[in-house]
Amino acid sequence: MVPMSESQTPRREFLRASLLAGAPAFLPAMQGAKAIKVGLVGCGGRGTGAAAQAIHADDYAELTAVADISMEQAKSSLERLKKHPKDGAKVKVEDSNIFLGLDAYQKVIASGVDVVLLATPPGFRPGHLRACIEAGKNVFCEKPVAVDAPGVRHVLESAKMAREKNLSVVAGFCWRYSTHIRETFAQIKNGAIGNLVAYYGTYYTSPVKPMPPASTRPAGISDNEWMLRNWYNYAFLSGDSLVEQAVHSVDKVAWAMDDKPPVSCVAVGGRQIPAEGGNIFDHFEVNYLYPNDVRAFLACRQIEGCYNENSDYIMGTKGTATIGRGPNPRINGETKWTFTGQKNDMYQAEHDALFASIRRGQPINDVEWMTTSTMLAIMGRMAAYTGQQITWEQALNSQEVLFPEGFDWAGNFKPAPLAQPGRTRFV
């Protein structure tokens with residue numbers, strides 16, 4: 001991260017104000033303000049980034065506890081955070097507050113923190129979020145919020161609890177906090193392209209965390225440990241590539257549709273490049289049907305050596321909006337528009353909004369719409385896995401449990417084999 005000088009402080013204050021609708025354009029003076037103690041659960045790259053952004057978001061935020069399955073990874077994360085020239089002094093994690101194991105999140109919650117950052121594999125997310133809310137903690141919750149429909153329903157219950165307790169829960173769907181994307185959607189909502197007709201999103205990229213050869217597996221480790229160390233490649237831990245990664249594009253579809261659910265979807269997908277283990281697809285194409293015959297199409301692929309693109313093409317009765325395929329979003333048609341404002345750091349903006357909401361006592365609750373976006377991606381995966389047309393009601397009420405209860409470090413859980421459309425059954 002680039003160190004922030006004192007002259008840059010107003011920028012951060014402006015972002016906080018602009019991202020909180022109806023909030024004052026300034027924060028009260030925080031001289032002598034109470035420290036906000038932060039706990040991190042999951043010390044990988046995304047978790048370390050979230051911790052850096054969290055302690056940067058508030059002058060009195062400090063990291064006081066971390067949890068991971070690896071002491072090496074936890075200490076590496078802390079060392080990286082301590083090297084920041086401005087915020088390094090805010091890392092105040094004693095050795096006794098470095099917690100290890102699958103139950104380490106409980107110890108972070110019990111350590112006296114005010115905010116918990118959830119950045120573990122998504123399969124754990126519903127249980128971790130519930131524990132935080134029950135304990136009265138504010139939360140930054142990475143996307144997606146679950147890997148199956150029972151997990152989504154569990155998170156929706158947590159959303160209600162968070163509202164009752166006046167807790168802030170900010171989602172890791174970072175595009176919702178991006179100035180140039182927010183302005184684009186504002187233009188669309190104000191009628192710049194007329195009535196929405198269709199949405200086409202792409203998420204073509206290389207593999208995020210390729211499955212290593214079986215020959216690299218250390219001797220003596222359990223199946224569960226091996227899968228957890230390669231979590232992205234197992235649908236019960238990641239949700240599959242559509243749900244874990246391309247869900248960002250799915251979220252923009254949901255946003256364009258006012259977070260209302262579709263009627264149904266059909267999808268194709270599969271595994272083109274073999275891997276020694278894992279059970280995820282490396283490509284999907286999902287067709288969503290919305291009321292009034294509005295359609296949304298999402299195509300994603302994670303294969304090396306292929307054409308890459310992450311763009312959005314939004315078609316209306318009076319024009320089209322394009323995000324990607326150029327430096328700035330633009331609209332063509334009856335209205336001509338190109339974003340000319342200042343782009344922000346959307347990852348930082350998420351945390352600026354979270355901590356400002358805590359200081360103001362005006363909670364943010366992103367949970368309900370982030371469950372819609374997650375469920376929309378899961379629905380697409382269901383349709384691709386089974387080869388069937390899936391309705392929203394079927395998807396939301398599915399009884400299929402991917403993430404097992406009581407998953408432990410030493411066990412040998414057997415996940416489902418790679419799905420075969422037409423043979424894999426909807427549950």
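Here, each number is a calculation from the coordinates, and none is a lab measurement. Small disclaimer: the values here were computed from a predicted structure and weren't measured. Cβ: placed from backbone, ideal geometry, glycine included. Neighbour counts: every protein chain shown.
Over the chain, dividing the summed -39,500 (n - 2.57) contributions of all DSSP H runs of at least 4 residues by the number of residues returns a 222 nm mean residue ellipticity of -10000 deg cm²/dmol.
Think of the chain as a dipole: +1 on every Lys or Arg Cβ, -1 on every Asp or Glu Cβ, centred on the Cα centre; then among W231, N190, P212, N190 lies furthest on the positive end.
Based on DSSP, what percent of beta bridges with both residues in the chain are antiparallel, to the nearest 5?
50
Between region 248-312 and region 319-380, what is the separation of their alpha carbon centroids in Å? Taking the Cα centre of each part, region 248-312 and region 319-380 sit 19 Å apart. Shown here for region 258-340: GluC sites (Glu not before Pro) in loop regions (DSSP other than H, G, I, E, B) with at most 14 other Cβ atoms within 10 Å, namely E276, E304, E334.
Working out 0.36 nm times the residue gap between F413 and E276, then minus their Cα-Cα distance, what length gain in nm do you get to one decimal? All intermediate terms of the calculation are to be shown ahead of the outcome.
Values: separation 137, 0.36 × 137 = 49.32 nm, distance 1.71 nm.
Between F413 and E276, full extension yields 47.6 nm more.
When peptides 200-213, 46-59 are sorted by average Cβ neighbour count within 10 Å, with the highest value leading, the order is 46-59, 200-213. Among 347-356, 129-138, 394-403, the peptide with the highest mean count of other Cβ atoms within 10 Å heads the list, and the full ranking is 347-356, 129-138, 394-403.
A Förster radius of 25 Å, combined with the Cβ-Cβ distance separating S222 from S70, puts the computed FRET efficiency at roughly 0.95. Here the Karplus curve 6.51 cos²θ - 1.76 cosθ + 1.60, taken at θ = phi - 60°, turns the phi angles of region 412-418 into couplings of 9, 5, 10, x, 4, x, 3 Hz, with x standing for Gly and Pro.
Where both bridge residues fall in region 185-317, DSSP classifies roughly 70% of the beta bridges as antiparallel. Region 107-147 and region 68-92 have their alpha-carbon centroids 19 Å apart. Taking amide H as placed 1.01 Å from N in the peptide plane, V116 has its amide H under 5 Å from the amide H of G39, N138, V139, F140, each at least 5 places away in sequence or on another chain. Within region 321-412, the trypsin sites (Lys or Arg not before Pro) that combine a DSSP coil assignment with at most 13 other C-beta atoms in a 10 angstrom radius are R325, K336, K343.
Need one number for region 252-393: average projected area of the convex hull over its C-alpha atoms, nm². Kindly include the intermediate steps, with their values, before the conclusion.
Details: hull surface 48.9 nm².
Result: 12.2 nm².
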